[in-house]
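The values are calculated or read from the model by the stated rules, or taken from the named source; none is laboratory data. This one's a predicted model, so the numbers in the text were calculated from it and none came from an experiment. Note: ideal-geometry Cβ built from the backbone for every residue, glycine included; neighbour counts use all protein chains shown. For accessibility, only protein heavy atoms count, side chains too; no ligands or nucleic acids. Shrake-Rupley method; radii C 1.70, N 1.55, O 1.52, S 1.80 Å.
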Amino acid sequence: MENSLNDLNYIEDNLKKVFSDIKEAENACGRKEGSVKLVAVSKFHPAECVIRAVEAGQFLFGENRVQEALSKFTQIKESLSNEKVTEGKNISLQIIGKLQSNKVKKACLIADTISSVDSIDLIKDINRHCETLNKKMEILLELHTGEDTKSGFAEEKELFKALEYLAGGNAPYVSPSGFMTMAPFTDDEKIIRSSFITLRESLEKANAEFPELKLSELSMGMSSDYKIAIQEGSTQVRIGTAIFGQRLYT
Ligand SMILES: *Cc1c(COP(=O)(O)O)cnc(C)c1O
């Protein structure tokens with residue numbers, strides 16, 4: 001561990017490569033440069049690695065475990081609070097992993113966006129905690145489109161019930177901005193692409209049915225499949241390994 005922390009220059013190199021690959025992918029399919037945001041997924045990587053990424057110009061991060069995110073990002077924000085690099089800019093955090101109901105309160109404290117919302121009950125919980133905090137929470141609704149762990153709403157129908165709930169003004173502290181999905185872990189490009197198309201078409205349908213929600217975000221694409229996701233309309237890619245390297249699961 002000591003060695004790998006001493007030399008973190010690979011993070012800046014990897015980030016530059018990912019920035020330019022995203023730009024290239026946008027150009028290749030005729031999309032505007034800058035239309036795809038990068039969420040740098042820092043789960044299992046220490047605060048030092050995130051700080052190095054911030055110094056290299058990355059401000060948006062994703063974490064999938066709330067406790068880890070809370071201690072890590074509290075530390076990061078403290079150590080960067082007087083640094084020039086964050087002047088006028090905010091470090092922004094997305095929770096991207098399945099959220100247990102006993103973790104919602106902490107998630108509402110630390111996160112700017114919760115992108116793995118998969119039930120109306122969770123929306124109610126987030127709304128309740130955010131009302132106490134007097135904070136508006138951006139959320140993405142996650143649709144299961146074939147990935148193995150079955151995270152997200154299992155059916156589009158259920159997801160649309162949640163949209164109806166939100167459109168009815170029942171959760172004023174929750175602001176839905178779009179959808180999220182994970183493609184199946186496979187080398188079969190056709191299966192991956194079809195998962196992204198499902199999400200895009202679902203968002204189009206949602207905007208036709210609930211135009212007042214003005215949903216615009218499609219969070220899809222990870223290290224192995226983000227170029228396909230960009231071709232299919234992704235507006236934010238969630239990339240961990242290609243920036244921070246392999247994760248050490250301990
Ligand atoms: C870990 C994770 C990612 C990033 O995966 P990589 O393959 O490392 O890029 C993206 N999305 C979610 C939901 C994750 O849990």
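If S151 satisfies all but one of (1) polar (S, T, N, Q); (2) under 27 Å from F59 (Cα atoms); (3) in a helix (DSSP H, G or I), what's the number of the condition it fails?
(3)
Please tell me if L199 is modelled with pLDDT of 95 or more and buried (at least 18 other Cβ atoms within 10 Å of the Cβ). Walk me through it before giving the result.
Values: modelled with pLDDT of 95 or more: yes; buried (at least 18 other Cβ atoms within 10 Å of the Cβ): yes.
Yes, satisfied.
Of the conditions (1) closer than 30 Å to I228 by Cα; (2) outside any helix (DSSP H, G or I); (3) among the small types (G, A, S), G169 satisfies every one except a single condition; which number is it?
Failing condition for G169: (1).
Table: residues versus (1) modelled with pLDDT of 95 or more; (2) farther than 27 Å from K135 by Cα; (3) buried (at least 23 other Cβ atoms within 10 Å of the Cβ).
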position	(1), (2), (3)
M182	yes, yes, yes
E189	yes, yes, no
R193	yes, yes, no
K205	yes, yes, no
A208	yes, yes, no
K227	yes, yes, no
V237	yes, no, yes
T241	yes, yes, no
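Checking L140 against (1) aliphatic (A, V, I, L, M); (2) without any contact (Cβ under 8 Å) to a residue 24 or more places away in the chain; (3) in a strand (DSSP E or B), only one condition comes out false. Which one?
(2)
Which members of segment 163-177 meet the condition of being open to solvent by 50 Å² or more (accessible area, probe 1.4 Å) and under 24 Å from L93 (Cα atoms)?
P172, Y173
Report whether or not E217 is acidic (D, E) and more than 16 Å from the chain's Cα centre (by Cα). Give the derivation first.
Values: acidic (D, E): yes; more than 16 Å from the chain's Cα centre (by Cα): no.
Here the answer is no, as E217 does not meet what is asked.
Pairs please, first residue from segment 1-23 and open to solvent by less than 50 Å² (accessible area, probe 1.4 Å), second anywhere and at pLDDT 85 or above and polar (S, T, N, Q), Cβ atoms under 7 Å, 6+ apart in sequence or on different chains.
L15/Q58
What do you reckon, is R65 in contact (Cβ under 8 Å) with a residue 40 or more places away in the chain and not aliphatic (A, V, I, L, M)? Break it down into steps so the answer makes sense when it comes.
On the way: in contact (Cβ under 8 Å) with a residue 40 or more places away in the chain: no; not aliphatic (A, V, I, L, M): yes.
No, not satisfied.
One line per residue, one yes/no per condition, for (1) open to solvent by 80 Å² or more (accessible area, probe 1.4 Å); (2) within 16 Å of the ligand (Cβ to nearest atom):
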| position | (1), (2) |
| --- | --- |
| D121 | yes, no |
| D125 | no, no |
| H129 | no, no |
| N134 | yes, no |
| I139 | no, yes |
| E142 | no, yes |
| S151 | no, yes |
| A154 | no, no |
| K161 | yes, no |
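Let me spell it out: the conditions are (1) out of contact with any strand residue (DSSP E or B) (no Cβ under 7 Å at 6 or more places or on another chain); (2) assigned to a loop (DSSP other than H, G, I, E, B); (3) away from the ligand (no atom under 14 Å from the Cβ); (4) within 26 Å of F19 (Cβ to Cβ), and R193 meets all of them except one. Which number is the exception?
Just one mismatch for R193, condition (2).
List pairs: first residue in segment 111-124 and free of Cβ contacts under 8 Å to residues at least 12 places away in the same chain and within 13 Å of V174 (Cα to Cα), second residue charged (D, E, K, R) and part of a strand (DSSP E or B) anywhere in the structure, Cβ distance under 6 angstrom, at least six positions apart or on different chains.
Once the first residue is free of Cβ contacts under 8 Å to residues at least 12 places away in the same chain and within 13 Å of V174 (Cα to Cα) and sits in segment 111-124, no partner that is charged (D, E, K, R) and part of a strand (DSSP E or B) comes close enough.
For segment 32-47, give me each residue that is more than 24 Å from R247 (Cα to Cα) and either at pLDDT below 95 or buried (at least 17 other Cβ atoms within 10 Å of the Cβ) (or both).
Correct list: V36 only.
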